[in-house]
Amino acid sequence: MTKKLPFTLEQAKTWRETFPTPFYIYDEAGIRLCVERLKRAFAWNPGFREYFAVKATPNPTILRLLSSLGCGTDCASAPEVEMSVRCGIRGDGIMFSSNETTEREYRAAVEAGAIINLDDITQIDILERACGVPETVCCRYNPGEFAIANDIMGHQYDSKFGMTKPQLFEALALLRSKGARRFGVHAMMTSNSLDTDYYPTLARELFLLALEIREKIGITLSFIDLSGGLGIPYLPEEQPLDIGAVGEGVRRAYDELLAANGITLSLYTELGRYITGPYGWLLTSAIGEKHIYKDYVGVDASASDLMRPAMYGAYHHITVLGKEALPPAGTVDVVGSLCENNDKFAVDRPLPKVEAGDILVIHDAGAHGHSMGYNYNGRLRCAELLLTQAGEVRMIRRAETMADYFATLDVDPEFPL
Ligand code: LLP
């Protein structure tokens, strides 16, 4: 089975002359369309806003593109807040959904005017010491039990995120006593879910919670943040989510539980993978073959460029560019150069015969791809390119150089030992 690409072998070969592999390339048109589809699916909710999860693709050009489409950013750290600010995103355009947060990071987020999303009741003290309790705050909920789960986020009883229900009620009342006036609730129960019912099921649970909060402590929530977690079809035989049906499912729950009980509130999402995942590819050149007890194809990218397969055993489809129509010549492990035996983009993958210099495209790498890169074995982080709507290619992050690698080190031979 194949997956569609918005570029050809000829184009990729030309790009490779200017930008040595490995590199990431993102498709502007695909990202735009995806955001438009999402906005249409939730247009019935007047305050709806997507806060793009910066952790998925922390690149200023991507953030500016998304901001131009009306998205805010969901940030987990001070550097992510700083990137948003440098892209002209501040105030309630930033959702600060962090955990185990320090006073310093709260100060950075509050200075940018971000909405603070508290992961735990004990964080209230830290936030207050750092900069006082802001007027608008959000609390993250962990119900313990939830119907839909997978291995990336774990099950809710085992999850380190969010507050229990009694803690959530106590936190909201405490925040009100300390001056907060607008409240939101946030929850993320799973990751990469292709289940059309995930958001509607979560929304239903949070809408019931909103009713209970109003009844028990007299707070009417201003917003509910459904966070991220919508999945993408990594496998070629999987179907993309019907986002229209997802929006409809949430609308039904909203009408039934909130509107019918006189509550109007804004819905927010913090999608990362859904927005950029399918519209980014890692391009890498084949170095050669190796045949020992198994057959290997070696490439010039490694897990330090894309760690999802090594970390989660995640499937990423691979196309040998120009050989899409050829039958498999056998099954191979596609491996990088790290001194780690899990440095494999694919295991036992049927592929056509790969020759040195062939360009391999690793699909669905647009989210949690480059951002999870690292420098093990002295591997340098690779470049990111954007294929613009006009069909031009622009470098939006250069590859790291040896100088970058040494920038944080002191290699002074005179240093007294
Ligand atoms: N909001 C919060 C608070 C999150 O923790 C996450 C992801 C998101 C939003 C965005 O989730 P998404 O829509 O992209 O699934 N690195 C992993 C996924 C870990 C998810 C962590 N949180 C991966 O490569 O699959």
### Task
Answer yes if at least one residue in the stretch 215-235 is open to solvent by 10 Å² or more (accessible area, probe 1.4 Å), closer than 30 Å to T2 by Cα and more than 13 Å from the ligand (Cβ to nearest atom), and no otherwise.
yes
#### Entry: Pairs, first within 29 Å of R32 (Cα to Cα) in the stretch 280-298, second part of a strand (DSSP E or B) and open to solvent by 10 Å² or more (accessible area, probe 1.4 Å), C-beta under 8 Å, six or more apart
G280/D27
### Task
Give just the number: which of (1) in contact with a Phe, Trp or Tyr (Cβ under 7 Å, 6 or more places away or on another chain); (2) open to solvent by 10 Å² or more (accessible area, probe 1.4 Å) does S177 not satisfy?
(1)
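Conditions tested, residue by residue: (1) of a type in the set (S, T, N, Q); (2) touching a Leu at 6+ places or on another chain (Cβ under 9 Å).
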site	(1), (2)
K353	no, yes
I359	no, yes
H363	no, yes
H370	no, yes
Y374	no, no
N377	yes, yes
G391	no, no
### Task
Return a yes/no flag: does the stretch 254-269 have any residue that is within 16 Å of the ligand (Cβ to nearest atom) and open to solvent by 10 Å² or more (accessible area, probe 1.4 Å).
yes
### Message
I'd like to check something: does the stretch 286-299 contain any residue that is out of contact with any Ser or Thr (no Cβ under 7 Å at 6 or more places or on another chain) and within 16 Å of the ligand (Cβ to nearest atom)?
### Response
no
### Message
Among the residues of the stretch 363-389, what is the count of those that are out of contact with any helix residue (DSSP H, G or I) (no Cβ under 8 Å at 6 or more places or on another chain) and either open to solvent by 80 Å² or more (accessible area, probe 1.4 Å) or of a type in the set (S, T, N, Q) (or both)?
### Response
3
### Query
Cβ-Cβ below 6 Å, separation at least six or inter-chain, first residue in the stretch 372-394 and within 19 Å of T57 (Cβ to Cβ), second in a loop (DSSP other than H, G, I, E, B) and among the basic types (K, R): which pairs?
G373/R381; A383/R398
### Query
Inside the stretch 154-273, counting only helices (runs of 4 or more DSSP H) that do not spill past its ends, which hold 3 or more residues that are over 22 Å from L127 (Cβ atoms)?
198-217, 243-253
### Query
When you go through (1) open to solvent by 40 Å² or more (accessible area, probe 1.4 Å); (2) within 16 Å of the ligand (Cβ to nearest atom); (3) in contact with a Lys or Arg (Cβ under 6 Å, 6 or more places away or on another chain) one by one for I243, which number turns out not to apply?
(1)
### Message
Condition first: at negative phi, among the hydroxyl-bearing types (S, T, Y) and assigned by TED's automatic domain parsing to the domain that holds G218. Can you find one or more residues in the stretch 283-298 that meet it?
### Response
no
### Task
Any residue in the stretch 173-198 that's among the charged types (D, E, K, R): show its pairings with residues that are in a helix (DSSP H, G or I) at Cβ separation under 7 Å, as long as the two are six or more apart or on different chains.
K178/E128; D197/G249
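The values are calculated or read from the model by the stated rules, or taken from the named source; none is laboratory data. It should be emphasised that the depicted structure is a prediction, and the values quoted were computed from it without experimental measurement. Heads up, the Cβs are rebuilt from the backbone with ideal geometry, glycines too, and the neighbour counts pull from every protein chain shown. What goes into the accessible areas is simple: the full protein's heavy atoms, side chains included, and nothing from ligands, DNA or RNA. Shrake-Rupley method; radii C 1.70, N 1.55, O 1.52, S 1.80 Å.
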